[in-house]
Every structure is written in C-alpha cells, then in structure tokens.
Amino acid sequence: MKSSALLIAPLVIPQLTAVAGMIGLALRPTSRRVQRVVATIGALLLMGAALLLFAEVRQNGIVAAQMGSWPAPFGITLVADLFSAIMVVVSGLIGLAVHLYTLASMNVEREVFGYYPLYFILLMGVNGAFLTGDLFNLYVWFEVMLMSSFVLMALGRNRGQAAGAIKYVTLNLIASAIFLSGLGLLYGLVGTLNMADLSVKFAQVSADPSVSKLISAVASMFLIAFGIKAAVFPLFFWLPDSYFAPHPAVSAIFAGLLTKVGVYALIRVFTLVFPLNSGRFQELLLWIAGLTMLIGVLGAVGQNEVRRILSFHIISQIGYMIMGLALYTPLALAGSVFYIFHHVVVKTNLFLIAGVMERSTGSGDLTCIGGLYRKMPVLAVLFLIPALSLAGTPPLSGFFAKLSLIQAGSAVGQYLLVSVALFVSLLTLYSMSKIWTLGFWRPAPTEEEITTARRGRVIVPVTGQQRWGRWYLPIALLALVTVCIGFGAGELFPIAVEAGQGLFDPSGYIEAVLRSAS
Amino acid sequence: MEIILAVVIGVLYASGVYLMLRRSLVKLLLGLSLLSHGTNLLIFTAAKLARGGPPIIPSNAETLPAAAADPMPQALILTSIVIGLGVTAFSLALAARVYKVTGTDDLDRLNQGEE
C-alpha cells in the first residue's frame, strides 16, 4: 500500500499543484504571489517524492501497482524500476531548478496567464511517461506533456516563436499519429498493450514467420514516432528552430526533459517489447546513433546564436544515449542511463546560463556579445563547469558518461562508432570554447561592431538593474550536482549498472508487473 | 468489410499527407486531423471487426462468446478522439494567433520571416 502511494505521488503532486494554481488564478487573477508560493511548495514536494520513490526502489526492488485494482494486464499499470526511478528523480531535480530560475526571470504577464499550472502539468506528463507500464498510457502521457508544452511554447508574442511553435506542434502530432497507428496494429497482433505482458506474448507470437514481418513494420513505426520526439537523425530538424524561440526557462525545461522522454521510450520499448538482440534493428540503431552524434555536432559548428548551438548539441548528445541502447550490452545500457542523467543536468544548466547571457546583453548572437568575463565573472565560472562536462573533461560528470559508453563500444568491437564518439566530443569542446571565447573572453564589442553584426535586427536592451544572485542560484545548484556526479561517480555508477542490468534482462520487471495483480 | 475500411484508411492517410504538404497553414491542420481520423479507424480495423457481437457474458457462461467484439480498442479510440479534439482546438487557436502575429498563413513565408 505504501509503495503504491509512492508511485502515485510524482503524478498527484504536480496535478494538485496545477489545480491549486488554477484555483489561485480564479480567485486572485492578477496576483503572482499566490502562484509563486503554490508552485514553490509543489516543486519542493515533487523533488522529495521523487527521492523517496528512488530510495524505495533502491531498497526493495521494482515497485509496481495496478490502478483501480484491476489485475495486470487489464488494469492501468504504474511501475518503477531503477531506470524509471532515476528518471523521476532527474525530472524532480530539473523541475525544481528551472522553477527557481523562473522565479527570478519570468515576466508577470506569463505568470498570471497560467504559466505555473501549465508547467506542473508538463511535469506530470513527463513523470507519467516514466512510470507507466502500458503503451497506450504512454501515448496518453505523451499527449498530456505535449499539450502543456504547446501552450508553454506559444506563450509570448514574437514572430520566431510562432513559426517555431507551428513546426513543433506539427511534427509532434505526426509522431503521435504514427505512434498510435503502431499501437493499433500491435493490439491487433498481440491483443495486449501492457508492456510486460507484450514482452511475454511476443515470444509466442513471433515464432510464426508470417507475423515477424508485420512486427518489424510495427517496430519501425515506434522507432520513427519516438525518434521524432527524441530528435534523432534524420528526424531532428524541428528541434533547433523550436527550442531557440521561447522564454529561456521554458526552453531549458524542454531541452533538459522533453527529448529525453523520447529517448526513455525508445530504450524502454527496444529493451522490453522488441528486444534488440532478436531483430535487424540493432544495426540500424548503431547507424542512427553515429549519424545523430555527427550531424548534430556539425550543425552546431555553423551557428552563432548561443541557444541554437546548444540545441544542435542536444541532438548530438542524443546520439550518445542511442549508442548505449544500440550496443545493447548491460554496460552500454548503464552508460546510457548515466549519460541521460548527466546530460539532463548539464544541458538544462547551459540553457539557463544562455538565458542570463541573453538577458544581460540583450542578444544571444555571439557576434553581438562579448566581455562577459569582466562583467559577470561568477557566470563565467559557472558556465565552464557544465560546458567542460558536456565536452567530457575529467573529473566532471560527462567524462564518466562518455568513458563507460566508449568502453562498452570497444568491448563489442564497434571501433568505428567509438571513434565517431571521440571525434564528436572533440568538436563539442570546440563549440563550447567558441561560446567561451566569443561570449566571455574577448573584449566587449563596440557599438559600431554590434550595429554591423546586427544587420538591422532589433535587440531589446536590458531594462533596469537585475539582481543576478537569484538567477545564479539554480545554475549553481545544477553545477554543484554536475561536480558531485563527477566526484561521486564511484558510488553512482554501480546504480546505473544495476539499472542497465535491469534493462538488459527485463524478467524482474515482467515478474513485478504481472505479480502485482494480487 | 475489412477491405473497404482498409481503403478508407488509406485514402484518409493519403489525403492527410497531401494536405500537410501544401503551403497553407489551415490545410496543414486539416491534414493533421484527417491523419488522426485515419489512425482511429486503423485501431478499429486492426483489432478485428465483429458484427453484432456485444461483449456481454451470457448468464449461463463464464467467459465471453468467441464472436464477441473486443471493447478495448473502442475505449482506446474514444480516448484518442477526445485527445484529438483538444489538440485540434489548440492548433486552430495557435493558427489564428500565428496569422494575427505574422499576417500570413503561408508556411514558406513564415519560415523566411524567421531568418
């Protein structure tokens, strides 16, 4: 009973927070204070609930519960294995950090338009996707998440935002339609959508050769649908345009969490429902991983806007996570899990920093900004930590994440992919040093240079004196987490290994779900 | 019956994709909703059609009769119709907003304006 309450808490807390926020809006439509208090309490509680769930899973193994007491596979299954629990913790952490950033940076118009309730519905959708044990519910949680992300993205008035939102909405709706078609065909084939049950029944169905082609078709539909959401090659083109436009806090939570939900779904489906070792998808995924890494990082080289550079790096980093899945060994999957955790923390932090850079200089274009090291030395140091971690410099978190993937790759003889991974991390370092040199290190450009660089674009100047300390708080928090992951890798990596083993051999997961019926 | 539905689904998908490839924002949204209708019918068809077999267990039996329709896909479709309604409503509002902000519903020009 207690463990099922822990499973529901990461869903109920954000929902109640959102409802409380909306009631607050109805009663006091112009007050941002009520919104802020409610949301802060919600974010703290959510983080606490995520940690409790993680502790429970760590101690007692996989937690599963059937909502409404219908036995599996008929009921609505919620299940948390170690991988899910880690993902819930990371979403709680990012939820809290971005919320703190929002408190410092959000304008009152957005706040009284319902920003906070939307934000918590988004978190609820993300957590739901991590915790569900049923493919159709995964679809529903995806939609919950998408609907709120659509509105969050479209809140605001600039032109680029409108065009970015259209692309984002369209691509995601196409992905949902493909996902749903795959679901329909899968149900027609097997007659269940519970992931654990699917895993069992597939073993019986796939013996029939006439069915196996249809299974490949269904699996590729899932690959395309989740691939669009995770922004893998060649389905990534929507991402840089859409993540570039919205408010920095919004693009930080999108950059950190949303594509990772796609990666989570890919990993879950291709380890549990269509295990990679029994099909032709492994080779395809290896290619996808390599090309995603390479094309993403090459895309970043040509960009000058900070957030566009970072967006292309999301794509390239997704390649590493897919690499772990594609190698399909326990160590590689552990590397993937570790990589996701590290990446979410670091990438969110970089987007938060990009927000400060844009706000303090009025532009995110590297040709227009410079001299930030002199102006904001604290920010410069805080930038270096996630930037070096992203590139994989020891002793920060990215080093251990990349090391484990490269070890796993060499162990199975995928030397080409390993060298691509190493080359890409070199180019990542190049991109980060570009932001560092142009944004922070060189002297601030003169008025004249800025005018030439602008080419007639309007740049909103900074209004009033900002209290940067409040902006730095979440950035410093995430930087601290990055350093801790780096130095605590000895303690943390075994957890990832355990999660990777759970993914590689899902019998424990299946048993926990189907047993929890009683 | 399956064949007719399969053709209908194919036509819905094809016209949905065709509409989405047009430059007009409104046609894009119409295409998306055709695609989701096609998907709903696909779920319906893929889960085997049964005519006149209500999924009710007779009073003298323990299990469903073999010819009964499966109620599960219909529940799935119902859910996805509701979600589709919300999504369509939102995307129409977004389109209206985009038209107001940018003054165009031409997707090519929308992209150029961004540069």
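The values are calculated or read from the model by the stated rules, or taken from the named source; none is laboratory data. Worth saying up front: this structure is predicted, and the values here are computed from it rather than measured. Counting neighbours? That spans all protein chains shown, and the Cβs are built from the backbone with ideal geometry, glycine included.
Report, by residue number, each residue of region A:26-52 that is surrounded by fewer than 21 Cβ atoms within 10 Å (Cβ to Cβ), within 16 Å of residue A:114 (Cβ to Cβ) and not polar (S, T, N, Q).
Passing the criteria: A:26, A:27, A:28, A:29, A:32, A:33, A:34, A:36, A:37.
How do the pairs read when you match residues in region B:87-103 that are free of Cβ contacts under 8 Å to residues at least 40 places away in the same chain with residues anywhere that are assigned to a helix (DSSP H, G or I) and of a type in the set (D, E, K, R), using Cβ under 7 Å and keeping only pairs 6 or more apart or on different chains?
As it stands, the answer is B:101/A:159; B:102/A:159, since those pairs meet every condition given.
Take the residues in region B:11-25 that are assigned to a helix (DSSP H, G or I) and within 12 Å of chain A (Cβ to nearest Cβ); name whichever of them is farthest from the chain's Cα centre (by Cα).
Step one: list which residues in region B:11-25 are assigned to a helix (DSSP H, G or I), which gives B:11-20, B:25.
With within 12 Å of chain A (Cβ to nearest Cβ) added as a condition, the list becomes B:12-13, B:16-17, B:19-20, B:25.
Values: B:12: 9, B:13: 9, B:16: 10, B:17: 12, B:19: 14, B:20: 14, B:25: 18 Å.
Applying the filter and picking the extreme gives B:25.
Quick one: residue A:154 ticks every box in (1) out of contact with any Lys or Arg (no Cβ under 6 Å at 6 or more places or on another chain); (2) more than 7 Å from chain B (Cβ to nearest Cβ); (3) crowded, with 19+ Cβ neighbours inside 10 Å bar one, so which box is it?
(2)
Among the residues of region A:341-362, what is the count of those that are surrounded by 22 or more Cβ atoms within 10 Å (Cβ to Cβ) and either more than 29 Å from residue A:85 (Cβ to Cβ) or of a type in the set (Phe, Trp, Tyr) (or both)?
Result for region A:341-362: 7.
Condition test on residue A:375, is it among the basic types (Lys, Arg) and modelled with pLDDT of 90 or more? Working first, answer last.
Numbers: among the basic types (Lys, Arg): yes; modelled with pLDDT of 90 or more: no.
Criteria not met by residue A:375.
Name the single residue, out of those in region A:86-114 being crowded, with 24+ Cβ neighbours inside 10 Å and over 30 Å from residue A:73 (Cβ atoms), that is nearest to the chain's Cα centre (by Cα).
By that ranking, first place goes to A:94.
For region B:36-51, state whether one or more residues are over 14 Å from the mean Cα position of the chain (by Cα), within 9 Å of chain A (Cβ to nearest Cβ), surrounded by 12 or more Cβ atoms within 10 Å (Cβ to Cβ) and of a type in the set (A, V, I, L, M, F, W, C).
Among the residues of region B:36-51, at least one is over 14 Å from the mean Cα position of the chain (by Cα), within 9 Å of chain A (Cβ to nearest Cβ), surrounded by 12 or more Cβ atoms within 10 Å (Cβ to Cβ) and of a type in the set (A, V, I, L, M, F, W, C), which makes the answer yes.
Given the condition farther than 12 Å from residue A:127 by Cα, modelled with pLDDT of 90 or more and not in a helix (DSSP H, G or I), answer yes or no: does some residue in region A:70-85 qualify?
Applying the first criterion (farther than 12 Å from residue A:127 by Cα) to region A:70-85 yields A:70-77, A:81-83.
Next, from what is left, pick out any that are modelled with pLDDT of 90 or more: A:81-83.
Then drop every residue that is not not in a helix (DSSP H, G or I), which leaves A:81.
Among the residues of region A:70-85, at least one is farther than 12 Å from residue A:127 by Cα, modelled with pLDDT of 90 or more and not in a helix (DSSP H, G or I), which makes the answer yes.
Counting only residues that are exposed (fewer than 12 other Cβ atoms within 10 Å of the Cβ), farther than 30 Å from residue B:24 by Cβ and more than 19 Å from the chain's Cα centre (by Cα), how many does region B:58-115 have?
8
For every residue, the table says whether it meets (1) touching a helix residue (DSSP H, G or I) at 6+ places or on another chain (Cβ under 7 Å); (2) away from chain B (no Cβ under 14 Å); (3) part of a helix (DSSP H, G or I); (4) of a type in the set (Lys, Arg).
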site	(1), (2), (3), (4)
A:182	yes, no, yes, no
A:217	no, no, yes, no
A:235	yes, yes, no, no
A:240	yes, no, yes, no
A:253	yes, yes, yes, no
A:264	yes, yes, yes, no
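Go through region A:160-175 and report how many residues are more than 8 Å from chain B (Cβ to nearest Cβ) and either crowded, with 24+ Cβ neighbours inside 10 Å or of a type outside the set (Gly, Ala, Ser) (or both). Give the derivation first.
First, pick out the residues of region A:160-175 that are more than 8 Å from chain B (Cβ to nearest Cβ): A:161, A:167-168, A:171-172, A:175.
Still in the list and also either crowded, with 24+ Cβ neighbours inside 10 Å or of a type outside the set (Gly, Ala, Ser) (or both): A:161, A:167-168, A:171-172.
Selection size over region A:160-175: 5.
Can you find, within region A:188-215, the residue that is nearest to the other protein chains (Cβ to nearest Cβ) among those that are without any contact (Cβ under 8 Å) to a residue 40 or more places away in the chain and closer than 18 Å to residue B:72 by Cβ? Can you show your working first?
Of all residues in region A:188-215, those without any contact (Cβ under 8 Å) to a residue 40 or more places away in the chain come to A:188-191, A:201, A:203-205, A:207-214.
Checking which are closer than 18 Å to residue B:72 by Cβ leaves us with A:188-191, A:201, A:205.
On the way: A:188: 3, A:189: 8, A:190: 11, A:191: 8, A:201: 15, A:205: 14 Å.
Looking at the filtered set, the residue picked out is A:188.
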